[in-house]
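A.B. asks: The following block contains the structure, expressed as structure tokens.
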Amino acid sequence: MLEIKDLHASINGKEILKGINLVVKPGEVHAIMGPNGSGKSTLSSVLVGNPAFEVTKGSISFYGKDLMQLSPEDRSHEGIFLSFQYPVEIPGVSMVNFMRAAVNEQRKYRNQLPLSASEFLKLMRDKRAVVEMDNKLANRSVNEGFSGGEKKRNEIFQMAMLEPRLSILDETDSGLDIDALRIVAQGVNTLKSAETSTIVITHYQRLLDYIKPDIVHVLYNGRIVKTAGPELALQLEDRGYDWIKEEVAE
Amino acid sequence: MKKGNNIIKKFTKEKYKYGFTTDVHTDIIDKGLNEDVIRLISFKKEEPEWLLEFRLKAYRHWLTLEMPTWAHLTIPPIDYQAISYYADPRQKKKGPKSMDEVDPELLKTFNKLGIPLEEQLALSGMAVDAVMDSVSVKTTFKEALLDKGIIFCSFSEAVREHPDLIKKYLGSVVGYRDNFFAALNSAVFSDGSFVYIPKGVRCPMELSTYFRINAANTGQFERTLIVADDDSYVSYLEGCTAPMRDENQLHAAIVEITVHDRAEVKYSTVQNWYPGDAEGKGGVFNFVTKRGNCKGVNSKLSWTQVETGSAITWKYPSCILTGDNSSAEFYSVAVTNNYQQADTGTKMIHLGNNTKSTIISKGISAGHSQNSYRGLVRVAEKTVGARNYSQCDSLLLGDKCGAHTFPYMDVHNETAVVEHEATTSKISEDQLFYCNQRGIKTEDAIGLIVNGYAKEVINKLPMEFAVEAQKLLAVSLEGSVG
């Protein structure tokens, strides 16, 4: 479904990704780990078409479509979802209005009629339960005044609403206490199916205790330098990244 | 972030929807301004002598005045001799008695603007006075309102039919000596609406005036006079549009409102005069004096305005709180895009004891525009227990526009409580990208954010207007960020 070939990307003329190759199949969970500054967040930004980054070389295809030709919103409509590391606050825009616009835009793209108000509110209620989100949060402005944990929970709630085919979780575990982590991970696991894939970007093994990866990659200096099974994450937890850096240097 | 800016810049620019012209025979008097022109206007309108005298006094006073320069506006020199001061798009017959007599072209024009003048087609619960150029084309539901004693008619008709009321109230809130544009308007004003709500009557429908400039090189100088007698209530709406023309058009209006004991007036405006093109060519100069006097005890006046149009806006809907316990509100959203300039706000003059005023102003600037809030809160020396709350927010889209706030407070009594809050914010690339990632296009995202920001004011508008205003906000800002 997702196939990244020799992807190079830069920001303000500085090359961050230096040839990424990655294939993610339906139903798979991939973890991407790596030290700070290795390019993990850049990779997620490039996948969703953040205009701050420039792709200088390579290709990304998603279910046969050339992602590079699609606008960020159409990538979303195609079923790519990013749970942001730092979800932004949008004062004045209620979660209800925001989600309604998002859901109905997606439906329009798929030639479906917009949901009626009652259908939509029912969907909100059902999906809120997935992440045990309070009704009060749903009536507030997007992320405004949310705690760190509430913001992350809100990301997973939106993911539940939009039912993506590929979810990218960018450091979703950062800033979460253990209870919030459990709820968020449970949410992600509930939404997982044989047709959907997940890319988990994280520094730590902690989140992977809850969301079990099939494949673990180590991203270092803009390249994937190691790929292995879930045991790799445990190894990294024990030994840190230095041994990988040394391997790469050799 | 260069690429990001490009994405935002490339929105298609929605054309001004109301920019068409109507091809009707229009009786336009020669350009220029002098006493003969004023006599001619007065003659054409078959006015009584005292009104001509009022005009001439105003004109002579205007000649002694200079155009004000204190506003944060760059106004190109205006040649007052290059403007025609009277344009009548009606056919020769006198004011139409029924729809059959109104020129079908004019009906079509107002239909196209979404203002059907046939009563059976009209929005239920709304009576309209339709003014094109210098004259009122048609006032709907006039008879139905008269049954309740409510007078709602064109200004010219009011001069003929209700001279005592006009004599009593004309210039009583905004005198012709008030300012440059008020003097000009008093000299050459053409038509407008007159509203009188008798004692104890609650007006059963929204009253509205729709102003349309059509003819080229003409100015529009209308006057609206609203009187709410004791214990009455009225909600009044004003809408305006103009064709797209390369030349600037001058609009200098006066609105005067008198609110008697325990009466309440709500005045809402959706101002959408042609704003000029993306390069700042053309557009309406909107120099308006609006003021109400809360004359009676416990009287109440509220101004709500959504200002999206005009090349230049100079407008401060104000309240004089004369009656004890009277209260006033000012809710404003002013949007400027491209090269538009707005200097708008309000004045709240507290004279009566325990008077209360609220000011909520939301400025939105985009493109190369300049948007200023200018407000005065004055509490007189003998006024006890006055209370004011002001909130002035500015939202910036892009980095080439300007937002300015000029709040003046002039408080002479120590029992007054005056509060002022102000914020400035910006729609960030991050917010827009967040919306994009959720499948919401940038222009829709701006619409969501702007409407969220302006919600507090929009909610004050009557419902039909609120929906229109929401759409208008989004359209006005299309192609704006970058």
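The values are calculated or read from the model by the stated rules, or taken from the named source; none is laboratory data. Note that the structure is a prediction, hence the values are computed from the model and not measured. Here the Cβ positions follow ideal geometry from the backbone for every residue, glycine too, while neighbour counts run over all protein chains shown. Heavy atoms of the whole protein, side chains included, go into the accessibility calculation; ligands, DNA and RNA do not. Shrake-Rupley method; radii C 1.70, N 1.55, O 1.52, S 1.80 Å.
A.B. asks: Which one of the conditions (1) farther than 30 Å from B:GLU279 by Cβ; (2) at pLDDT below 90 does B:GLU419 fail to meet, given that it meets all the rest?
C.D. replies: For B:GLU419, the exception is condition (2).
A.B. asks: In addition: Taking A:THR198, is it in contact with an Asp or Glu (Cβ under 8 Å, 6 or more places away or on another chain) and assigned to a strand (DSSP E or B)?
C.D. replies: Values: in contact with an Asp or Glu (Cβ under 8 Å, 6 or more places away or on another chain): yes; assigned to a strand (DSSP E or B): yes.
It is true that A:THR198 is in contact with an Asp or Glu (Cβ under 8 Å, 6 or more places away or on another chain) and assigned to a strand (DSSP E or B).
A.B. asks: Would you pick out the residues in the range A:46-59 that are within 14 Å of chain B (Cβ to nearest Cβ) and touching a residue at least 24 places away in the same chain (Cβ under 8 Å)?
C.D. replies: At the first step, the residues of the range A:46-59 found to be within 14 Å of chain B (Cβ to nearest Cβ) are A:46-56.
If the condition is that a residue be within 14 Å of chain B (Cβ to nearest Cβ) and touching a residue at least 24 places away in the same chain (Cβ under 8 Å), then A:VAL46, A:LEU47, A:VAL48, A:GLY49, A:ALA52, A:PHE53, A:GLU54, A:VAL55, A:THR56 are the ones that fit.
A.B. asks: Is it the case, given these coordinates, that A:GLU28 is farther than 26 Å from B:LYS455 by Cβ and either modelled with pLDDT of 95 or more or more than 9 Å from chain B (Cβ to nearest Cβ) (or both)?
C.D. replies: On the way: farther than 26 Å from B:LYS455 by Cβ: yes; either modelled with pLDDT of 95 or more or more than 9 Å from chain B (Cβ to nearest Cβ) (or both): yes.
Yes.
A.B. asks: Being over 21 Å from B:LEU477 (Cα atoms), of a type in the set (A, V, I, L, M), surrounded by 24 or more Cβ atoms within 10 Å (Cβ to Cβ) and at pLDDT 95 or above narrows it down to one residue among B:LEU351, B:LEU321; which is it? Spell out the reasoning first.
C.D. replies: Details: B:LEU351 fails: surrounded by 24 or more Cβ atoms within 10 Å (Cβ to Cβ).
Only one candidate passes the filter, namely B:LEU321.
A.B. asks: May I ask you to list the residues in the range A:1-20 that are closer than 25 Å to A:VAL188 by Cα and open to solvent by 30 Å² or more (accessible area, probe 1.4 Å)?
C.D. replies: If we filter the range A:1-20 for residues that are closer than 25 Å to A:VAL188 by Cα, which is where we start, we get A:1-4.
The answer is A:MET1, A:GLU3.
A.B. asks: Within the range A:233-244, track down each residue that is touching a residue at least 60 places away in the same chain (Cβ under 8 Å) and out of contact with any Leu (no Cβ under 8 Å at 6 or more places or on another chain).
C.D. replies: Restricting attention to the range A:233-244, the residues satisfying the condition of being touching a residue at least 60 places away in the same chain (Cβ under 8 Å) are A:233, A:236, A:241.
Those that are touching a residue at least 60 places away in the same chain (Cβ under 8 Å) and out of contact with any Leu (no Cβ under 8 Å at 6 or more places or on another chain): A:LEU236, A:TYR241.
A.B. asks: Still on this structure, please answer the following. Given the conditions (1) within 13 Å of chain B (Cβ to nearest Cβ); (2) assigned to a helix (DSSP H, G or I); (3) in contact (Cβ under 8 Å) with a residue 24 or more places away in the chain, report the number of the one that A:THR42 does not fulfil.
C.D. replies: (1)
A.B. asks: Output the residues belonging to the range B:196-225 that are more than 27 Å from B:PRO275 (Cβ to Cβ) and in contact with a helix residue (DSSP H, G or I) (Cβ under 9 Å, 6 or more places away or on another chain).
C.D. replies: Taking the range B:196-225 first, the residues more than 27 Å from B:PRO275 (Cβ to Cβ) are B:196-205, B:225.
Listed by number, the residues that qualify are B:TYR196, B:CYS203, B:PRO204, B:MET205, B:LEU225.
A.B. asks: A follow-up question, please. How many of the residues in the range B:296-318 are in contact with a Gly (Cβ under 7 Å, 6 or more places away or on another chain) and either buried (at least 24 other Cβ atoms within 10 Å of the Cβ) or within 21 Å of B:TRP70 (Cβ to Cβ) (or both)?
C.D. replies: Here the count works out to 5.
A.B. asks: Only one of B:PHE211, B:PHE141 is at pLDDT below 95, of a type in the set (Phe, Trp, Tyr) and open to solvent by less than 20 Å² (accessible area, probe 1.4 Å). Can you tell me which?
C.D. replies: Working: B:PHE141 fails: open to solvent by less than 20 Å² (accessible area, probe 1.4 Å).
From the options B:PHE211, B:PHE141, the qualifying one is B:PHE211.
A.B. asks: Considering only residues that are open to solvent by 10 Å² or more (accessible area, probe 1.4 Å) and either out of contact with any Phe, Trp or Tyr (no Cβ under 8 Å at 6 or more places or on another chain) or within 12 Å of B:CYS401 (Cβ to Cβ) (or both), which ones fall in the range B:324-339?
C.D. replies: Filtering the range B:324-339 for residues open to solvent by 10 Å² or more (accessible area, probe 1.4 Å) gives B:324-325, B:327, B:329, B:331, B:338-339.
Correct list: B:ASP324, B:ASN325, B:SER327, B:ASN338, B:TYR339.
A.B. asks: Pairs, please: C-beta under 7 Å, at least 6 apart or cross-chain, first residue more than 19 Å from A:LEU2 (Cβ to Cβ) and in the range A:13-24, second assigned to a strand (DSSP E or B)?
C.D. replies: Note: pairs meeting the criteria are A:GLU15/A:HIS8; A:ILE16/A:ALA9; A:ILE16/A:SER10; A:LYS18/A:HIS8; A:LYS18/A:ARG223.
A.B. asks: In addition: Given A:ARG140, A:ARG165, which one is touching a strand residue (DSSP E or B) at 6+ places or on another chain (Cβ under 9 Å), in contact (Cβ under 8 Å) with a residue 24 or more places away in the chain and over 29 Å from A:VAL24 (Cα atoms)?
C.D. replies: Numbers: A:ARG165 fails: over 29 Å from A:VAL24 (Cα atoms).
On inspection, the qualifying residue turns out to be A:ARG140.
A.B. asks: Within the range B:1-82, considering only helices (runs of 4 or more DSSP H) that don't extend past its boundaries, which have at least 2 residues that are open to solvent by 30 Å² or more (accessible area, probe 1.4 Å), modelled with pLDDT under 70 and farther than 30 Å from B:TYR373 by Cα?
C.D. replies: Values: elements: B:2-9, B:35-44, B:49-63.
So the answer is B:2-9.
A.B. asks: Let me ask something else about it. Restricting attention to the range B:146-177, report how many residues are farther than 18 Å from B:SER190 by Cβ, free of Cβ contacts under 8 Å to residues at least 12 places away in the same chain and in a helix (DSSP H, G or I).
C.D. replies: Qualifying residue count for the region: 3.
A.B. asks: If you go through the range B:337-374, how many residues are assigned to a loop (DSSP other than H, G, I, E, B) and either at positive phi or within 17 Å of the chain's Cα centre (by Cα) (or both)? Please lay out each step first, then the result.
C.D. replies: Our first condition is that a residue be assigned to a loop (DSSP other than H, G, I, E, B); within the range B:337-374, this holds for B:337-340, B:351-355, B:366-369.
Those left that are additionally either at positive phi or within 17 Å of the chain's Cα centre (by Cα) (or both): B:338, B:340, B:354, B:367.
Qualifying residue count for the region: 4.
A.B. asks: Given (1) open to solvent by 70 Å² or more (accessible area, probe 1.4 Å); (2) in contact with a strand residue (DSSP E or B) (Cβ under 6 Å, 6 or more places away or on another chain), where does A:GLY37 come up short, assuming only one miss?
C.D. replies: With (1) open to solvent by 70 Å² or more (accessible area, probe 1.4 Å); (2) in contact with a strand residue (DSSP E or B) (Cβ under 6 Å, 6 or more places away or on another chain) applied to A:GLY37, the lone miss is (2).
A.B. asks: So how many residues does the range B:452-461 have that are outside any helix (DSSP H, G or I) and either among the charged types (D, E, K, R) or surrounded by 23 or more Cβ atoms within 10 Å (Cβ to Cβ) (or both)?
C.D. replies: 2
A.B. asks: Can you tell me which of B:VAL195, B:VAL128 is open to solvent by less than 20 Å² (accessible area, probe 1.4 Å), at pLDDT 90 or above and not in a loop (DSSP other than H, G, I, E, B)? Give the steps one after another, and end with the answer.
C.D. replies: Working: B:VAL128 fails: at pLDDT 90 or above.
Sole residue among the options that is open to solvent by less than 20 Å² (accessible area, probe 1.4 Å), at pLDDT 90 or above and not in a loop (DSSP other than H, G, I, E, B): B:VAL195.
A.B. asks: Quick check: is even one residue across the range A:128-136 of a type in the set (Val, Ile, Thr), surrounded by 14 or more Cβ atoms within 10 Å (Cβ to Cβ) and without any contact (Cβ under 8 Å) to a residue 60 or more places away in the chain? Talk me through it step by step, then tell me what you get.
C.D. replies: Going residue by residue through the range A:128-136, those that are of a type in the set (Val, Ile, Thr) are A:130-131.
Filter once more, so that each one left must be surrounded by 14 or more Cβ atoms within 10 Å (Cβ to Cβ): A:130-131.
Checking which are without any contact (Cβ under 8 Å) to a residue 60 or more places away in the chain leaves us with A:131.
Scanning the range A:128-136 turns up at least one residue that is of a type in the set (Val, Ile, Thr), surrounded by 14 or more Cβ atoms within 10 Å (Cβ to Cβ) and without any contact (Cβ under 8 Å) to a residue 60 or more places away in the chain.
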